[in-house]
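Quick notes on the structure that follows.
The values are calculated or read from the model by the stated rules, or taken from the named source; none is laboratory data. Here the structure is a predicted model, which means the values were calculated and not measured. Virtual Cβ from ideal backbone geometry, glycine too; neighbours counted across all protein chains shown. Just the protein is used for accessible areas: all its heavy atoms, side chains included, with ligands, DNA and RNA removed. Shrake-Rupley method; radii C 1.70, N 1.55, O 1.52, S 1.80 Å.
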Amino acid sequence: MVIIGLGRFGGSMALELIERGTDVLALDNRPEVVQRYSDSVTHAAVADSTDPEVLRQLDVPDFDRVVVAIGDDLEASILTTSLLAEFEVGHIWAKAVSRQHGRILERVGAHHVVLPEHDMGERVAHLVTGRMLDYIEFEDDYAMVKTRAPAIAAGHALGESKIRSKYRVTVVGIKRPGEDFTYATQDTRLYEGDILIVSGRSRDVERFADLT
């Protein structure tokens, strides 16, 4: 895995990947930043990622996955992503600082665009209301939330409560106080205090969380 740009986003990603056992080639054009990560990642190098020859010398075109985590230099972000597309890198992930930036990155070849600030702001907005314990939104208006079991379902098995047909959501996991999460089935009985993992359309899971 190659990570280009060692700001807060790229740096934290590099360390997390190393922690999970993934080899990481980390690149940045600032020597002092590269030095900071040199002992933590598999290999770190000072590099101008907008120079195709530099990327070739570092064997970047041979990698299947590259993350462009450049956030403060839009031109470098776009040029780097474009070069990776020309190299036919299989999976290009790119950080965007705005939706417009993200659209440009997609046009020049990014397969996946991440807007960390926007995504985190949206997630926190769902959590501050207190209805949800966690919230993850995926593509195509699909989401998964961690929430408490609503009182209307307490004492009933999932099949009896008809949560799926009434609220158009699926309870996929359940956690009882003092126990670990486990898969939920139609025979799983809900009790007050249970924590649920619920999936479905964003609007539907939000409406279900409102019941708590």
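From Tyr142, Tyr183, Tyr135, which residue is of a type in the set (Phe, Trp, Tyr), out of contact with any Pro (no Cβ under 7 Å at 6 or more places or on another chain) and more than 29 Å from Pro116 (Cα to Cα)? Break it down into steps so the answer makes sense when it comes.
Details: Tyr142 fails: more than 29 Å from Pro116 (Cα to Cα); Tyr135 fails: more than 29 Å from Pro116 (Cα to Cα).
It is Tyr183.
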**Message:** Just checking, does the range 182-204 include any residue being farther than 30 Å from Ala85 by Cα, in contact (Cβ under 8 Å) with a residue 60 or more places away in the chain and open to solvent by 80 Å² or more (accessible area, probe 1.4 Å)?
**Reply:** yes
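Kindly state which helices (runs of 4 or more DSSP H) lie completely within the range 1-100 and contain at least 3 residues that are small (Gly, Ala, Ser) and at pLDDT 95 or above.
Working: elements: 8-19, 31-37, 52-57, 74-86.
Hits in the range 1-100: 74-86.
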**Fill in**
For the range 23-32, the count of residues that are within 15 Å of Ala69 (Cβ to Cβ) and either open to solvent by 10 Å² or more (accessible area, probe 1.4 Å) or of a type in the set (Asp, Glu) (or both) equals 4
**Item:** Residues that are touching a helix residue (DSSP H, G or I) at 6+ places or on another chain (Cβ under 9 Å) and surrounded by fewer than 16 Cβ atoms within 10 Å (Cβ to Cβ), drawn from the range 167-181
**Value:** Arg168
**Count of residues meeting criterion [without any contact (Cβ under 8 Å) to a residue 24 or more places away in the chain, touching a helix residue (DSSP H, G or I) at 6+ places or on another chain (Cβ under 9 Å) and farther than 18 Å from Asp72 by Cβ] in the range 115-134** = 2
**Complete:** For the range 59-70, pairs from a residue that is within 21 Å of Gly7 (Cα to Cα) to a residue that is in a loop (DSSP other than H, G, I, E, B), with Cβ under 6 Å and 6 or more apart or across chains, are Arg65/Met1; Val66/Val89; Ala69/Gly5; Ile70/Gly5
**Residue satisfying condition, being touching a helix residue (DSSP H, G or I) at 6+ places or on another chain (Cβ under 8 Å), open to solvent by less than 50 Å² (accessible area, probe 1.4 Å), under 27 Å from Gly121 (Cα atoms) and polar (S, T, N, Q), within set Ser82, Ser49, Ser77** = Ser77
**Request:** Go through the residues of the range 98-113 one by one and say whether even a single one is of a type in the set (Gly, Ala, Ser), in contact (Cβ under 8 Å) with a residue 12 or more places away in the chain, under 30 Å from Ile4 (Cβ atoms) and open to solvent by 40 Å² or more (accessible area, probe 1.4 Å).
**Result:** yes
**Message:** Which residue is surrounded by the most Cβ atoms within 10 Å (Cβ to Cβ), if the candidates are limited to the range 123-157 and must be of a type outside the set (A, V, I, L, M, F, W, C) and modelled with pLDDT under 80?
**Reply:** His126
**Item:** Output for the range 155-189, where each listed residue is in a loop (DSSP other than H, G, I, E, B) and closer than 28 Å to Glu122 by Cβ
**Value:** Arg168, Phe181, Ala184
**Request:** Identify, by number, the condition in (1) on the phi < 0 side of the Ramachandran plot; (2) of a type outside the set (Phe, Trp, Tyr); (3) open to solvent by 70 Å² or more (accessible area, probe 1.4 Å); (4) over 17 Å from the mean Cα position of the chain (by Cα) that Glu88 doesn't meet.
**Result:** (1)
